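Report on one structure; see the data block that follows.
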Amino acid sequence: MPALLEGKTALILGIANKWSLAYAIADAFRREGARLVLTYQGARQKETVEELGRELDAALVRPCDVSLDEELERLAAELRSARIRLDAVVHSIAFAQREDLTRPFTETSRQGFLLAQDISVYSLVAVARMAAPLMTEGGSITTLSYLGANRVIPNYNVMGVAKAALEAAVRYLASDLGPRGIRVNAISAGPVKTASARAVKDFSTILDFVAQRAPLRRNTDPAEVGDTAVFLASDLGRGVTANVIYVDAGFQAMGL
């Protein structure tokens, strides 16, 4: 059976380390034959992501701070210069101040609220605007969400509101970009032990609760998220857009 992403090029934003969901997706894309372009934010992540890029046989590893339009424009120019056509984009970027995750939602700071929306939501819009002209034969844009977008999750707070906005952005982007053959979807993954998840207070309690109550009686394997992203980026997902696909061992279906 041929590799599902053979001949396709994927831009993946948001790899932090080997435990990040973006890494699991990149690894699955590589397995299926995709050529990878990876980005990192700032000098602090440069060495780590470049090393991971070598492990993943990435064609290109470039800096990109999604909060700066000029860096997105520079990335687009570099891809055009290298004559890279994009077939898939993975947006795995979110951020909120730790204090805005731990204190009551009513005490969210104005600056913290705007920061979470900018990095976690608007960046998808900005990335889509940058990438769409490079997706000359259509393709797939995938972002990562979480159940906190539509359920109250303890200590998720401002990030839950950001994920709700992210899922709305997916639908509007899908409508805008659909005539160009570009599909836009979100994967709502179950809780996974990542660097960003550690910022959520009592995260281990959430993991235990999900494993006890999810229909599959376990937590999400990052590789399952990677495989779902492969489906969305491949021709198998050609009719899927404007959707939120849950990869959470079925937990989203449960009441108590």
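The values are calculated or read from the model by the stated rules, or taken from the named source; none is laboratory data. Computed from a predicted structure; not experimentally measured. As a convention, Cβ positions derive from the backbone with ideal geometry for all residues, glycine included, and neighbour counts pool all protein chains shown. All accessible areas refer to the heavy atoms of the entire protein, side chains included, with ligands and DNA or RNA removed. Shrake-Rupley method; radii C 1.70, N 1.55, O 1.52, S 1.80 Å.
Compared with the dominant principal axis of the Cα atoms in the chain, helix 42-55 is inclined by about 70°. For Arg183, nonlocal amide neighbours, meaning residues 5 or more places apart or on other chains whose placed amide H falls under 5 Å from its own, are Gly139, Ser140, Ile141. Taking amide H positions as modeled 1.01 Å from N, with prolines and chain starts lacking one, no residue 5 or more places away or on another chain lies under 5 Å from Asp65. Applying 1/(1 + (r/R0)^6) with R0 = 30 Å to the Cβ-Cβ distance of Glu70 and Arg44, what FRET efficiency is obtained, to the nearest 0.05? After rounding, the FRET efficiency stands at 0.95. Helix 222-233 and the longest principal axis of the Cα set of the chain meet at an angle near 50°. Counting only protein heavy atoms and a probe of 1.4 Å, the accessible surface of the chain is 52% carbon and sulfur. Qualifying GluC sites (Glu not before Pro) in the stretch 1-76, where qualification requires a DSSP coil assignment and no more than 12 other C-beta atoms within 10 Å, comprise Glu6.
Leaving out ligands and nucleic acids, note down the accessible area per residue over the stretch 54-121 with a 1.4 angstrom probe, in whole Å². Let's see the in-between values first.
Working: 3710 Å² over 68 residues.
Using a 1.4 Å probe on heavy atoms only, each residue of the stretch 54-121 averages 55 Å².
Under the combined filter of DSSP loop state and at most 11 neighbouring Cβ atoms within 10 Å, the stretch 80-162 retains these GluC sites (Glu not before Pro): Glu137.
Here the stretch 57-113 is assigned +1 on the Cβ of each Lys and Arg and -1 on the Cβ of each Asp and Glu. Its dipole about the Cα centre then comes out at about 120 debye. Estimated purely from DSSP H runs of n ≥ 4, each contributing -39500 (n - 2.57), the mean residue ellipticity at 222 nm for the chain is -12500 deg cm²/dmol once divided by its residues. Thinking of the chain as a set of Cα atoms, what percent of all their pairs are more than 23 Å apart? In whole percent, the long-distance tail amounts to 48. Residue separation of Gln252 and Arg31 scaled by 0.36 nm, minus their Cα-Cα distance, works out to 76.7 nm of gained length. Shown here for the stretch 129-238: trypsin sites (Lys or Arg not before Pro) in loop regions (DSSP other than H, G, I, E, B) with at most 11 other Cβ atoms within 10 Å, namely Arg151, Arg217.
Quick one: accessible area per residue over the stretch 126-214, 1.4 Å probe, rounded to a whole number of Å²? Please report the intermediate quantities before stating the final value.
Working: 3680 Å² over 89 residues.
Accessible area per residue, the stretch 126-214: 41 Å².
Give, rounded to the nearest 20 debye, the magnitude of the charge dipole that the stretch 64-223 has about its Cα centre when Lys and Arg contribute +1 at Cβ and Asp and Glu contribute -1 at Cβ.
Values: 19 positive and 17 negative charges, 111 e Å.
It comes to approximately 540 debye.
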